[in-house]
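The values are calculated or read from the model by the stated rules, or taken from the named source; none is laboratory data. Predicted model, so just to flag it, every value in this text is computed and none were measured. Neighbour counts run over all protein chains shown; Cβ positions are idealised from the backbone, glycine included. Calculation scope for accessible area: heavy atoms of the full protein, side chains included, ligands and nucleic acids excluded. Shrake-Rupley method; radii C 1.70, N 1.55, O 1.52, S 1.80 Å.
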Amino acid sequence: MTRIACSIVLFIGAAAPLEAFAQQSLFNVPSTQETVVGKLFGQVQIGAGETGGEVNTTLELGIFPWLEVGANLQHVPIYRLQGFPATGSPTAAFNANVYFEPTSFMAIECGVQAGVGWRQPASVLTPVVFGWATMRFDAPGRFGSYVVGLYSGTSGALGGGFPLGGMVGVEIPLWQGYIHAQADWMIGLNDVSVAVIGAVAYIGKSFQLSAGAQLPSPGTGNDYGGVLELTYTPTHDPVDPPSSTPVR
């Protein structure tokens, strides 16, 4: 293999997570932001790590300012190195999220994802259910945004371990509107408990490119890896009042 080819493989291997969920997210933690009514939000993650590589995709449609629904195709394998992880089987799922803003600086979101996974190597269908509740706080000026929350799910969504955990996330502008530092952590003792530390680049009004390093949550033995994520964010029409924060 040539040096260039090796470099490409190493970049992909270090630049995408194996644990991705089906809603607008920082890396793995829901970003807790509105999807524009009547428009589609899209996100694609290419994942790789110590057990293999895969692709995760999601499409979200804004139904009302307080409701969005989505369709998701997750854990589509690129390659496998160590069999089939508990949460790594191909999955098709739908999700619905409820969103509201009690104040100008705080937003709350609750959501559920439900579908089926094709568990390998037994080739049987398994239920996948994942639920979460988050709060987002937007600090004044350039002090960033912060997300905290809780999650739970079935073994088809979380794999082995305790089926309940916490979530934290942060996004802080380095170059306002162009490059922001970004990190999140799925806190817990299950197969999706990982942290990702990286950055997001805003490309024009509608696209973002995120990259970061993935670290296992203490006590889990989960994969080291990373994230490479392309996001399309619909914008408000000129006649609509702009959101107080960037809409993901």
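Among the residues of segment 182-219, those that are outside any strand (DSSP E or B) and either among the acidic types (Asp, Glu) or more than 24 Å from Gly160 (Cα to Cα) (or both) comprise Asp191, Gly204, Lys205, Ser206. Output yes when any residue across segment 117-130 is closer than 18 Å to Thr35 by Cα and in contact (Cβ under 8 Å) with a residue 40 or more places away in the chain, and no when none is. No: zero hits.
When Phe207 is tested against the conditions (1) more than 23 Å from Pro90 (Cα to Cα); (2) at pLDDT below 90; (3) open to solvent by 70 Å² or more (accessible area, probe 1.4 Å), the lone failure is (2).
In segment 44-55, of all residues being under 25 Å from Ile172 (Cβ atoms) and surrounded by 24 or more Cβ atoms within 10 Å (Cβ to Cβ), the one that is modelled with the lowest pLDDT corresponds to Gly47.
Among the criteria (1) modelled with pLDDT under 90; (2) buried (at least 20 other Cβ atoms within 10 Å of the Cβ), the one Gly115 does not fulfil is (1). Being under 14 Å from the mean Cα position of the chain (by Cα), open to solvent by 10 Å² or more (accessible area, probe 1.4 Å) and either farther than 24 Å from Ala48 by Cβ or among the hydrophobic types (A, V, I, L, M, F, W, C) (or both) is a description that does not apply to Ala201.
The set of residues in segment 151-170 that are surrounded by 16 or more Cβ atoms within 10 Å (Cβ to Cβ) and over 10 Å from Gly188 (Cβ atoms) comprises Gly153, Thr154, Ser155, Gly156, Ala157, Gly159, Val168, Gly169, Val170.
Matching residues to (1) modelled with pLDDT of 85 or more; (2) crowded, with 24+ Cβ neighbours inside 10 Å; (3) assigned to a strand (DSSP E or B):
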{"position": "Cys6", "(1), (2), (3)": "no, no, no"}
{"position": "Val9", "(1), (2), (3)": "no, no, no"}
{"position": "Ile12", "(1), (2), (3)": "no, no, no"}
{"position": "Glu19", "(1), (2), (3)": "no, yes, no"}
{"position": "Gly42", "(1), (2), (3)": "yes, no, yes"}
{"position": "Thr57", "(1), (2), (3)": "yes, no, yes"}
{"position": "Val69", "(1), (2), (3)": "yes, no, yes"}
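Quick check on my filter: what residues within segment 143-181 are farther than 16 Å from Leu26 by Cα and not in a strand (DSSP E or B)? Once the filter is applied, which keeps residues that are farther than 16 Å from Leu26 by Cα and not in a strand (DSSP E or B), segment 143-181 yields Phe143, Thr154, Ser155, Gly156, Ala157, Leu158, Gly159, Gly160, Phe162, Pro163, Gln176.
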